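Accompanying notes for the structure given below.
The values are calculated or read from the model by the stated rules, or taken from the named source; none is laboratory data. As the structure is a computational prediction, the values presented were derived from the model and not from experiment. Here the Cβ positions follow ideal geometry from the backbone for every residue, glycine too, while neighbour counts run over all protein chains shown. Remember, those area values only see protein heavy atoms, side chains included, never the ligands or the DNA or RNA. Shrake-Rupley method; radii C 1.70, N 1.55, O 1.52, S 1.80 Å.
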Amino acid sequence: MTKTILIAGTASHVGKSTVAAGLCRLLADRGVDVAPYKGQNMSNNARVVVRPDADGQCGGEPDATTDDQWGEIGVSQFVQARAARMTPTTDCNPVLLKPRGDGESQLVLQGEAHDHVPAGTYYEEYWDRAREAAEESYRRLAADNDVIVAEGAGSIGEINLHDRDLANVETAEFADADILLLVDIERGGAFASLYGTIELVPDALRERIVGAVITKFRGDPSLLEPGIEEIESRTGVPILGVLPYDDPGLPEEDSVGLPGSEERGVVGDEDGVPNDRRLRIAVPRLPRISNATDLEALAGEPGVSVVYVPVDDARSINPLENVDADAVVIPGTKNTVDDLLALHEAGFADALAAFDGPVVGICGGYQMLGERITNAALEGTGTDDVVDGLGLLPVETRFEGDKRLEQTSVPVDGSASPLLSGADGPASGYEIHAGRTQALEDVSRPIGDSSAANGQVLGTYLHGLFDNESVRAAFLAHVAATAGVDWPPRAETDASPSTDPDATEAGSTPYDRAAQLVSDHVDLPVLGEPFDE
């Protein structure tokens with residue numbers, strides 16, 4: 001019989017995704033067939049994956065000739081599947097809600113995008129269908145694996161949602177799961193939060209809690225011992241470990257880890273490289289930003305700072321003022337039209353027109369760089385049919401009802417854009433977008449047909465662009481050359497880290513580091529077979 005362990009939390013952002021990924025890698029390293037699962041997720045950071053075939057099998061290579069081969073899931077389940085060394089499929093995250101603003105989210109069931117629905121409508125009209133899809137996907141995974149590592153969502157103690165909590169309550173019941181409860185001590189009140197959560201979960205779920213783990217602790221764990229003894233005495237739930245504050249480097253599940261849309265934040269500036277050897281890449285912090293993980297490979301390079309620039313900051317006429325940006329990258333968004341309007345209102349159109357450095361737009365960012373967007377009311381929450389773009393590329397995007405999902409590899413022509421001069425070989429990634437973009441005049445296409453370039457401006461639909469080392473190196477070399485920065489800054493730091501998530505050197509990947517973190521600090525044998533090996 002398949003064993004399921006549900007990694008639940010007292011709140012969001014307590015480390016559930018990291019612990020789940022670590023357990024997946026630990027079990028995979030022991031030769032256990034393990035799969036990740038999250039019944040329902042809310043995130044705009046998604047990945048394109050294969051759907052199970054008609055026989056329900058999850059392995060093997062996808063058939064690229066099948067029109068409906070691809071679907072989308074949350075990034076954390078994609079990462080956890082890689083940690084488990086399995087092919088990620090839509091069964092790993094059968095229900096995905098992608099917020100787009102005004103209280104609405106796009107509903108994705110088993111990888112297929114459906115309507116934009118308010119929360120109330122989802123529960124009234126789609127709940128039964130979503131639960132059926134979630135259980136169906138779980139059954140398929142369970143049939144092919146020895147262990148399912150399920151990740152909960154938010155807090156398992158939300159009493160207003162217990163009758164419709166798909167990721168926590170429903171999953172625990174239909175999967176007959178043991179529950180490992182996580183609490184984040186960094187935000188304070190950990191023992192009260194843990195006690196209150198255990199008291200508020202339904203009685204049937206309380207009996208499933210096999211232990212709890214305190215996460216994100218800084219300092220001497222012995223200081224917690226009196227509190228641990230008291231909480232164990234009051235609840236009967238053993239504390240199985242205390243995880244130190246450590247970031248193994250897994251991608252963020254959502255935008256919670258990013259600076260808010262009204263504040264400036266910098267990522268990647270703590271590597272010891274002096275400012276005169278550093279590149280600063282400005283990124284508009286779009287209110288509905290999606291797939292922000294596209295920027296992580298840049299921020300991970302020594303000597304590169306990714307500066308998130310507020311879009312809602314009314315204090316500055318020029319939003320790029322005082323940023324000292326060497327390049328600008330406009331990321332993806334769940335709502336191109338509304339975020340484009342936000343950029344116009346914040347003065348980004350004028351700021352970018354005056355900016356003389358490299359500009360890159362990815363997916364929704366590419367669409368924004370064009371002359372205009374038509375059929376805009378289908379994408380945005382307003383009624384305008386045509387919305388002016390930023391006017392940096394001679395292209396136009398029209399929205400239709402369909403959505404493009406595809407894992408892909410495209411040729412790179414480094415001679416077609418100075419931003420990629422010297423890049424070669426194919427670039428691998430994925431496309432996940434509504435809207436079709438066409439050129440209004442001749443443009444270069446340095447990254448296949450789904451790209452356009454003109455001078456210092458480049459747009460592409462390829463997510464994961466900068467994960468490709470050749471592309472990333474060429475882009476940064478060009479940015480450095482235009483900024484007059486000596487590059488790369490190897491004298492002050494080691495060579496840039498590998499961005500290959502499946503690098504074979506022991507302990508070299510975020511998956512391995514997550515596994516080591518869990519193995520070193522959690523009393524896993526309490527979870528029973530096969531965790532007790």
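Per the helix-only calculation at 222 nm, which mean residue ellipticity applies to the chain, given -39500 (n - 2.57) for every DSSP H run of n ≥ 4 and division by its residues, nearest 500 deg cm²/dmol?
Result for the chain, helices only: -7000 deg cm²/dmol.
What number comes out for the charge environment of SER193, summing +1 per Lys or Arg and -1 per Asp or Glu over other residues with Cβ under 12 Å away?
With Lys, Arg at +1 and Asp, Glu at -1, the neighbours total -2.
Please list, ordered by chain and number, the residues whose modelled amide H lies under 5 Å from the amide H of THR4; skip anything fewer than 5 residues away on the same chain.
So THR4 has HN proximity to ILE148, ASP178.
Can you grab the distance from the C-alpha centre of the range 152-177 to the C-alpha centre of the range 321-361, Å, no decimals?
First find each Cα centre; the distance between them is then 40 Å.
List, in order, the whole-Hz ³J(HN,Hα) value for each residue of the range 74-80 obtained from phi through the Karplus relation with A = 6.51, B = -1.76, C = 1.60 and θ = phi - 60°; use x for Gly and Pro.
x, 4, 5, 6, 4, 4, 5
Between LEU243 and residues 5 or more places away or on another chain, which pairs have amide H atoms under 5 Å apart, with H built 1.01 Å from N, and which residues are they?
Here the answer is ILE214, THR215, LYS216, PHE217, since their amide H atoms fall under 5 Å of that of LEU243.
Among DSSP bridges having both ends in the chain, what percentage is antiparallel? Round to the nearest 5.
Roughly 50 percent of the beta bridges in the chain run antiparallel, per DSSP.
Residues with beta-carbon under 13 Å from that of ASP128, excluding ASP128: net charge, scoring Lys, Arg +1 and Asp, Glu -1?
Around ASP128, the surrounding residues sum to -4.
Could you give each residue of the range 319-329 its phi-based ³J(HN,Hα) in whole Hz, using Karplus coefficients 6.51, -1.76, 1.60 with θ = phi - 60°, and x for Gly or Pro?
So the J values, rounded to whole Hz, are x, 8, 4, 6, 7, 6, 7, 9, 7, 10, 10.
At a threshold of 8 angstrom on Cα-Cα distance, excluding pairs fewer than six apart, so keeping six or more, what relative contact order does the chain reach in percent?
It rounds to 15 percent for the chain.
Cβ under 15 Å from ASP324's Cβ, ASP324 left aside: what net charge do those residues give with Lys, Arg +1 and Asp, Glu -1?
Working: positive: ARG264, ARG277, ARG278, ARG280; negative: ASP269, ASP276, GLU321, ASP326, ASP356.
Residues near ASP324 contribute -1 overall.
Report relative contact order for the range 394-458 in percent, whole number only (criteria: Cα-Cα under 8 Å, sequence separation at least 6).
Normalised by residue count, the contact order of the range 394-458 is 41 percent.
Given the Cα atoms of the chain, and with Rh set as the inverse mean 1/r over their pairs in the Kirkwood sense, what is Rg to Rh to two decimals?
That ratio is 0.97, to two decimals.
Rolling a 1.4 Å sphere over the protein heavy atoms, what is the accessible area per residue of the chain, to the nearest Å²?
It amounts to 41 Å² per residue over the chain.
Through the Karplus equation 6.51 cos²θ - 1.76 cosθ + 1.60, θ set to phi - 60°, convert the phi angles of the range 388-394 into ³J(HN,Hα) values in whole Hz; use x for Gly and Pro.
Working through the residues one at a time gives 5, x, 7, x, 9, 9, x Hz.
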